[in-house]
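What follows is a short report on a single structure.
All of the numbers you see were taken from the coordinates with simple rules; none came from a lab. Being a predicted model, the structure only gives us computed values, none of them experimental. Positions of Cβ are generated from backbone atoms using ideal geometry, with glycine treated the same way; all protein chains shown enter the neighbour counts.
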Amino acid sequence: MSVALLSVAGVALDALLGEPKRNHPLVAFGRYAERIEQRFNAGGRGWRSHGVTAWFIAVVPLTVVITFFSWLPYIGWLVEVAALYCALGLRSLGEHVEPVAKALRGDDLEEARRRVGYLVSRQTAELDATDVARAATESVLENGSDAVFAAIFWFAVLGAPGVVLYRLSNTLDAMWGYRNERFERFGWASAKIDDLLNYIPARLVALTYALLGKTRLALRCWRTQAPKWDSPNAGPVMAAGAGALGVELGGAAIYHGELHQRPQLGEGVPADATSIDRGWQLVQRGVWLWLLILCLGTEFYA
């Protein structure tokens with residue numbers, strides 16, 4: 001079965017079912033990763049090599065197992081589709097961002113703050129309506145890249161092994177990739193590997209956002225604003241996305257009690273509920289574009 005058809009099947013399954021409500025494989029993997037971290041992390045006093053070892057123990061055996069099952073006759077294609085489905089978070093992303101926009105449209109700022117708190121790690125208790133909309137729009141653009149497009153990219157390149165390798169690595173980065181005393185050394189490998197795996201997908205996502213929005217503005221914001229962002233991959237994605245939407249993102253935000261003065265992203269009107277909706281629609285249109293390209297590419301090479 002072609003990678004295009006398998007990709008369409010995985011995306012369709014996500015659209016129909018959403019994330020598994022119980023016994024999600026990534027939840028089980030998270031518990032497994034916690035036990036590995038307890039064994040190998042010396043509370044910031046260990047070597048970076050401990051983090052490398054932990055990453056290999058967490059990711060490589062499971063990737064090998066999925067590779068084996070994906071090669072089996074008759075059922076291999078089911079494993080492929082299931083792997084992509086479990087790695088995708090498209091419907092879940094919409095289920096998280098749409099209530100924020102709905103609360104803002106209803107002038108329910110407390111509910112909007114509560115809802116956006118599920119999406120972002122910054123403090124939300126004192127955010128005004130514009131800040132909430134900015135946070136949610138940034139989240140939909142960035143998570144669209146991490147939880148949707150990058151998964152499709154690695155599935156298209158390496159099938160089930162690729163998407164499992166990517167999703168597990170991305171999960172470890174979310175758990176271990178912090179710059180604090182506990183994870184500065186141990187999480188270094190996870191953060192760098194995730195940066196490497198996201199490098200090409202992030203730039204394809206930035207290009208996708210630009211093509212589907214205000215192209216010239218998006219490309220200019222990507223070129224001039226992304227280098228100022230602290231993340232090599234989130235910068236291009238969010239700068240191009242903000243430019244494509246013609247909205248102002250970035251700016252000051254409080255993380256773990258500390259104020260961070262972040263560079264401006266995009267250009268245009270302040271963020272509001274409409275910005276969240278348009279960002280979500282941009283991600284959805286981008287997925288359709290990628291699936292179309294995969295189908296046309298498969299037909300061409302056939």
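How large is the helix-only mean residue ellipticity at 222 nm for the chain, computed as the sum of -39500 (n - 2.57) over DSSP H runs with n ≥ 4, divided by its residue count, in deg cm²/dmol to the nearest 500?
Numbers: 12 runs with 210 residues, N = 302.
When only DSSP H runs of four or more count, the value is -23500 deg cm²/dmol.
Given +1 on the Cβ of Lys and Arg, -1 on the Cβ of Asp and Glu, and no further charges, what dipole in debye does the chain carry about its Cα centre, rounded to the nearest 20? The partial results should precede the final answer.
Values: 29 positive and 29 negative charges, 122 e Å.
That gives a dipole near 580 debye.
Using a 10 Å cut-off on Cβ atoms, rank the peptides 132-141, 179-188 from the highest mean neighbour count down. Could you put the intermediate results ahead of the total?
Working: 132-141: 27.9, 179-188: 17.0.
Ranked by mean Cβ neighbours within 10 Å, highest first: 132-141, 179-188.
Can you bin every Cα-Cα distance in segment 258-302 into 5 Å intervals starting at zero and give me the percent of pairs per bin, rounded to whole numbers?
Reading the bins upward from 0: 5, 16, 13, 15, 14, 12, 10, 8, 5, 2, 1.
Mind checking which lysines have their Cα closer than 28 Å to the Cα of residue 192? Skip sequence neighbours fewer than 8 apart in that chain.
Here the lysines satisfying the reach criterion relative to residue 192 are 228.
Enumerate the aspartates and glutamates that residue 21 could reach by cross-link, defined here as Cα to Cα under 15 Å, with residues fewer than 8 away along the same chain left out.
95
On average, how much area does the Cα convex hull of segment 3-301 cover when viewed from any direction, in nm²? Could you put the intermediate results ahead of the total?
On the way: hull surface 63.4 nm².
If you wrap the Cα atoms of segment 3-301 in a convex hull and average its projections, you get 15.9 nm².
Need the C-alpha centroid separation for segment 74-153 versus segment 169-190, integer Å.
What the calculation gives is 22 Å, centre to centre.
At a 10 angstrom cut-off on C-beta neighbours, averaged per residue, how do the peptides 18-30, 228-240, 263-275, 280-292 rank from highest to lowest?
Numbers: 18-30: 12.8, 228-240: 22.5, 263-275: 20.0, 280-292: 17.9.
Result, highest mean Cβ count within 10 Å first: 228-240, 263-275, 280-292, 18-30.
Order these peptides, 158-169, 94-105, by their mean beta-carbon neighbour count within 10 angstrom, highest first. Please list the in-between numbers first.
Values: 158-169: 23.9, 94-105: 19.8.
For the peptides 158-169, 94-105, the packing ranking is 158-169, 94-105.
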